[in-house]
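Below is one structure, written out as structure tokens, with a few remarks after it.
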2 protein chains.
Amino acid sequence: MADKLLIGIDLGGTTTKMAFLEKSGKIIDKWRIKTDTSDNGNHIAPNIAKSINSEMTKTNHTKDEFLGMGMGTPGTIDNKAGTVYGAYNLNWGDKHQVKSVIEKGVGLPLIMDNDANVAALGEFRRGAGSKDQDIVFVTLGTGVGGGIITEGHLLHGCNGDAGEIGHICVKPGGYMCTCGKRGCLEQYASATGVVHIAHDMAEKFTTGKSRLKQLEDKHQKVTSKIVFYLADNGDILANQVVDRVCFYLGLALSDVANAFNPSNIIIGGGVSNAGNTLLQPTTRYFQENAFPPVRDSTKVQLAQLGNDAGAIGAGSLALKFDKSSKNKSSWDK
Amino acid sequence: MADKLLIGIDLGGTTTKMAFLEKSGKIIDKWRIKTDTSDNGNHIAPNIAKSINSEMTKTNHTKDEFLGMGMGTPGTIDNKAGTVYGAYNLNWGDKHQVKSVIEKGVGLPLIMDNDANVAALGEFRRGAGSKDQDIVFVTLGTGVGGGIITEGHLLHGCNGDAGEIGHICVKPGGYMCTCGKRGCLEQYASATGVVHIAHDMAEKFTTGKSRLKQLEDKHQKVTSKIVFYLADNGDILANQVVDRVCFYLGLALSDVANAFNPSNIIIGGGVSNAGNTLLQPTTRYFQENAFPPVRDSTKVQLAQLGNDAGAIGAGSLALKFDKSSKNKSSWDK
């Protein structure tokens, strides 16, 4: 009998990405559905199960070909109880029973983890960290998330909150964060953080000509993408904003690296589409602040899997159901 | 036959502390010798072997009662080659063959690790972290060292430099550090850092009466111990200095905790003898800067083993030689 397959689910506030994968992490089929957050998010779990079942029918697969399912989700996860809460973008503020709904709907076992953690696992298994055992993954989107893998193991910490890189304080007394404290990296290096910095720096910008300054003065819409685009095209203010963003990001990454000494720091998420415009100054500030032996052994690089990272990493969680495997951990390579 | 015993060696620049231990980490005999760093530190390894042999004779032990030896040492360690280098306080700047000298001298196998790492292991096994699986240990002495244990495993990182908490940047562009970069925690929270801050703050101190200010003005010797003593006794400047030290320490610890979510952060080393005068404000600044779920699940506390932590932790390294053990890792509890 051929090796069994995995199902990876990457649950997001707007879309849910799903994939059938080989045990190696290779995607053999992928698709996405809109995440329906109406009615307190009560449709989300049934919709996922329904969609997996119909995709199996469509692709001539049966559930006995699969080992199990893994899912990355926002919020706080309790795998034992099968619940998720505090996922406000899903309207799952209160505790929602998720695991048993999807398990019963599909007829396969499910294991869940934090969305940033599964993206880290994806890059670790098949992406920018595929040759490494110690990686730090940071995702720059609407917020800033992170996942840390040391000696081949995804860290959870005593309460499941390891990897919260977005809430490292990079500026004491700085911007107020949604978490209630000030100066979190998330407020400086997320897409919204970039816009916030652009707005503040535009107010003080008086010398020179800048398209970004013009946009701000006219109260036109400024996005993180526009800031990086303008920086790429030589806009002086946009370059100052990008430099500020990269300074804080490089500083936070050096903090984490001084503690973990990873071989790779991998930057993913929408903001990382800025490519070298983001990577180059971030690397410079990282190197300026990292302990020299760490600086010399830790690379900063861009994620490679894009939107597939989550589903690939989520699928790898299901390796845990592989009783025949000699692997001690679900994420051993 | 009774369970075999362990030998723990805590090699420091001034003294070398050694112990015979049970496998549980319980000390059954401990002693210390002066570390003779003369002749490029060439006497250090032979002296350790000699001292262990004579202690065995003195206490009626034979080497076949022991499983092996573990040693904590400053510097950069290569266990495979058996060498240490970059331990300048031992005059081991260049590569020194250490392992084979001690192994041949005693007739037992030796495993080495970083001095802060073995102190972390000691507190993890028998001290303030003995009930936990995820701890961060920071030692505030002449410098600042650290060791991190997650899910029961001591972290080394890709290059053996994990746990370098002392080189987390707490003040961009701040005090110059011996490592070549600026603003490292070590320059603010080590004994020398405390003195440096006291000196700088005394210069700017103009209002109020302060014994610390008087000492500084008269160029009298100020130590970290004096600063904490004066703070304890209500000296206004000394309290400001302690507050500054604790701010930077609390900030760095929150960075590490946001990444690891340890159950315990344990503060050891000479400066930690200041007790609550150090702990209370550090905890406050930690809590101010930690991600709320991390803040609520991570305790900051003082080390419990004092000078014994190193030898206990070093001894636990030798559990690795226990072929009969079901423990997968040398530091499983």
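The values are calculated or read from the model by the stated rules, or taken from the named source; none is laboratory data. In this text the structure is predicted, and so the values were computed from the model without any measurement. Please note: Cβ atoms are built from the backbone with ideal geometry, for glycine as well, and neighbour counts cover all protein chains shown.
Values for this structure:
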quantity: Options B:A309, B:A257; residue that is buried (at least 23 other Cβ atoms within 10 Å of the Cβ), at the interface with another protein chain (Cβ under 10 Å from one of its Cβ atoms), hydrophobic (A, V, I, L, M, F, W, C) and part of a helix (DSSP H, G or I); calculated: B:A257
quantity: Extreme residue, surrounded by the most Cβ atoms within 10 Å (Cβ to Cβ), among residues of the range A:134-161 that are within 27 Å of A:T223 (Cβ to Cβ) and either more than 11 Å from every other protein chain (Cβ to nearest Cβ) or touching a Ser or Thr at 6+ places or on another chain (Cβ under 6 Å) (or both); calculated: A:F137
quantity: Which numbered condition B:E164 misses (of (1) free of Cβ contacts under 8 Å to residues at least 24 places away in the same chain; (2) more than 14 Å from chain A (Cβ to nearest Cβ)); calculated: (2)
quantity: Meets criteria (of a type in the set (S, T, Y) and within 17 Å of A:I148 (Cβ to Cβ)) for A:S272; calculated: no
quantity: Failed criterion for A:L108 (all others in (1) outside any loop (DSSP other than H, G, I, E, B); (2) not assigned by TED's automatic domain parsing to the domain that holds A:E216 hold); calculated: (1)
quantity: Yes/no for B:D10 being of a type in the set (D, E) and not in a helix (DSSP H, G or I); calculated: yes
quantity: Which listed residue is crowded, with 18+ Cβ neighbours inside 10 Å, over 29 Å from B:K323 (Cα atoms) and of a type in the set (A, V, I, L, M, F, W, C), from B:I44, B:I7, B:I48, B:I33; calculated: B:I44
quantity: Pair list, Cβ < 6 Å and 6+ apart or interchain, from the range B:91-107 residues that are on the phi > 0 side of the Ramachandran plot to residues that are part of a helix (DSSP H, G or I); calculated: B:N91/B:N40; B:N91/B:G41; B:G107/B:K63
quantity: One residue from A:G75, A:G68, A:G86 being modelled with pLDDT of 95 or more and not aliphatic (A, V, I, L, M); calculated: A:G68
quantity: Some residue of the range A:185-206 being within 12 Å of chain B (Cβ to nearest Cβ), of a type outside the set (K, R) and buried (at least 24 other Cβ atoms within 10 Å of the Cβ); calculated: yes
quantity: Boolean, B:L305 is among the aliphatic types (A, V, I, L, M) and free of Cβ contacts under 8 Å to residues at least 24 places away in the same chain; calculated: no
quantity: The range B:199-217 residues that are closer than 21 Å to B:Y188 by Cα, paired with ones that are part of a helix (DSSP H, G or I) and polar (S, T, N, Q) (beta carbon under 8 Å, 6 or more apart); calculated: B:M201/B:Q240; B:F205/B:Q240
quantity: Top-ranked residue of the range A:260-291 - restricted to ones that are among the hydrophobic types (A, V, I, L, M, F, W, C) and within 14 Å of A:V194 (Cα to Cα), ranked as farthest from the other protein chains (Cβ to nearest Cβ); calculated: A:A274
quantity: Residues located in the range A:292-306, provided they are away from chain B (no Cβ under 14 Å) and either of a type in the set (F, W, Y) or touching a Cys at 6+ places or on another chain (Cβ under 8 Å) (or both); calculated: none
quantity: Residue list for the range B:21-59, restricted to those being farther than 16 Å from B:P74 by Cβ, in contact with a Ser or Thr (Cβ under 7 Å, 6 or more places away or on another chain) and in contact (Cβ under 8 Å) with a residue 40 or more places away in the chain; calculated: B:G25
quantity: Restricting the range A:244-254 to residues that are at the interface with chain B (Cβ under 10 Å from one of its Cβ atoms) and aliphatic (A, V, I, L, M), the residue that is farthest from B:A257 (Cα to Cα); calculated: A:L251
quantity: Enumeration of residues in the range B:185-209 that are more than 16 Å from B:C246 (Cβ to Cβ) and within 17 Å of the chain's Cα centre (by Cα); calculated: B:T192
quantity: The one condition in (1) more than 14 Å from chain A (Cβ to nearest Cβ); (2) free of Cβ contacts under 8 Å to residues at least 60 places away in the same chain that B:K131 fails to fulfil; calculated: (1)
quantity: Cβ-Cβ under 9 Å pairs, at least 6 apart or on other chains, the range B:169-180 side modelled with pLDDT under 95, far side surrounded by fewer than 16 Cβ atoms within 10 Å (Cβ to Cβ) and outside any loop (DSSP other than H, G, I, E, B); calculated: B:C179/A:P292; B:G180/A:P292
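To keep it simple, each residue is scored yes or no on (1) assigned to a loop (DSSP other than H, G, I, E, B); (2) of a type in the set (A, V, I, L, M).
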residue	(1), (2)
A:N89	no, no
A:D132	yes, no
A:F137	no, no
A:I148	no, yes
